[in-house]
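Here the structure is laid out as structure tokens; the discussion comes afterwards.
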Amino acid sequence: MLPKTEYVQRPDDAVYETDSPVLYEVVDGIASITMNRPQFNNAQNSQMTYALDAAFRRAVDDDAVRVIVLRGKGRHFSAGHDIGSPGRDVNKSFERAHLWWDHVNKPGVEFNYAREQEVYVGMCRRWHDIPKPTIAMVQGACVAGGLMLAWVCDLIVASEDAFFQDPVLRMGIPGVEYFAHAQELNPRIAKEFLFLGERLPAPRAHAMGMVNRVVAADALEAETLALAARIAAQPRLGLALAKQVLNRAEELQGLRATIDMAYGYHQLAHAHGQVVGTGHLGGHDAASMVAANKAGS
């Protein structure tokens with residue numbers, strides 16, 4: 001006998017503030033992909049995530065594009081995953097980029113497990129393997145889900161006022177879904193980064209090897225585009241092959257296995273919160289996380 005199929009009805013009540021959560025421009029062989037939710041510090045809802053995927057695909061398909069720059073409009077690169085704006089669209093179905101089934105009507109842990117495999121782990125791995133060089137141009141906050149977007153890029157150029165932070169341990173969660181902490185930081189620094197959830201200023205991130213360059217805030221765009229232009233002058237295939245080798249080396253060093261292991265623990269934490277009655281975010285929401293960050297900064 002086949003198991004009983006259970007489905008759940010969830011309201012799709014998201015209200016978007018823009019129809020263009022991502023902006024796209026190509027100048028002199030450099031594609032600029034700009035997150036465009038400055039009102040919410042470029043918090044990533046699914047609308048933005050799928051728009052980012054479409055923009056990356058557009059840049060890969062365009063032979064005129066040699067380098068891709070990922071950036072955020074406004075004061076901050078990205079405040080992370082959207083856990084509180086009117087455009088939070090966790091109950092909306094999208095045309096999925098991977099082969100996971102739609103999460104929207106699934107019960108229990110399956111809802112988060114399927115959704116986050118698609119829009120977080122799956123998307124980040126997809127973007128990490130883009131054959132063209134990618135540069136994250138980071139100003140202001142690069143928090144939680146924002147880390148994932150910066151970490152999948154080949155290079156990170158940060159302004160002096162930028163900071164990096166993964167505070168989700170406050171929710172009882174071991175870290176963001178694309179768990180690259182052990183590759184991006186020395187393990188002891190990664191533990192400090194996660195245990196305390198404090199801001200890692202750009203100069204220290206640079207000293208730890210997580211950031212390539214730290215520049216003055218008013219020079220961030222010019223310095224990033226100048227670096228992109230130098231890379232764009234290199235042979236396309238040579239760049240793609242060098243990137244492929246280094247990405248596979250990261251996987252041999254444990255990146256993929258670590259993400260898979262951490263993702264299971266991440267989902268265990270979501271399930272634990274639901275079982276004990278604090279919800280999948282451990283009793284937190286956007287407002288409480290902002291308050292905790294301000295109190296601890």
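How many residues are among the hydrophobic types (A, V, I, L, M, F, W, C) and in contact with a strand residue (DSSP E or B) (Cβ under 7 Å, 6 or more places away or on another chain) if we restrict to the stretch 186-209?
4
Could you list all residues from the stretch 214-260 that are under 13 Å from residue 154 (Cβ atoms), of a type in the set (D, E, K, R) and surrounded by fewer than 17 Cβ atoms within 10 Å (Cβ to Cβ)?
250
Check the stretch 78-98 and report whether any residue there is of a type in the set (Val, Ile, Thr) and in contact with a Phe, Trp or Tyr (Cβ under 6 Å, 6 or more places away or on another chain).
No, the stretch 78-98 contains no residue that is of a type in the set (Val, Ile, Thr) and in contact with a Phe, Trp or Tyr (Cβ under 6 Å, 6 or more places away or on another chain).
Scan the stretch 272-279 and give yes if some residue there is buried (at least 18 other Cβ atoms within 10 Å of the Cβ) and within 24 Å of residue 185 (Cβ to Cβ), otherwise no.
Checked against the condition, which is being buried (at least 18 other Cβ atoms within 10 Å of the Cβ) and within 24 Å of residue 185 (Cβ to Cβ), the stretch 272-279 yields no hits at all.
What number of residues in the stretch 53-85 are closer than 17 Å to residue 22 by Cα, of a type outside the set (D, E, K, R) and surrounded by fewer than 20 Cβ atoms within 10 Å (Cβ to Cβ)?
Residues meeting the conditions: 4.
Residues that are of a type in the set (D, E, K, R), under 22 Å from residue 293 (Cβ atoms) and part of a loop (DSSP other than H, G, I, E, B): does the stretch 113-131 have at least one?
no
Looking at the stretch 254-276, which of its residues are among the hydroxyl-bearing types (Ser, Thr, Tyr) and either at pLDDT 95 or above or under 17 Å from the mean Cα position of the chain (by Cα) (or both)?
258, 263
Give all pairs with beta carbons closer than 9 Å in which a residue from the stretch 246-264 that is within 15 Å of residue 148 (Cα to Cα) meets a residue that is among the hydroxyl-bearing types (Ser, Thr, Tyr); count only pairs at least 6 apart in sequence or on separate chains.
259/178; 262/178; 263/113; 263/120; 263/178
Has the stretch 149-161 got at least one residue that is surrounded by 22 or more Cβ atoms within 10 Å (Cβ to Cβ), of a type outside the set (A, V, I, L, M) and in contact with a Ser or Thr (Cβ under 6 Å, 6 or more places away or on another chain)?
No - not one qualifying residue is present in the stretch 149-161.
The values are calculated or read from the model by the stated rules, or taken from the named source; none is laboratory data. These figures come from a predicted structure and were not determined experimentally. Neighbour counts run over all protein chains shown; Cβ positions are idealised from the backbone, glycine included.
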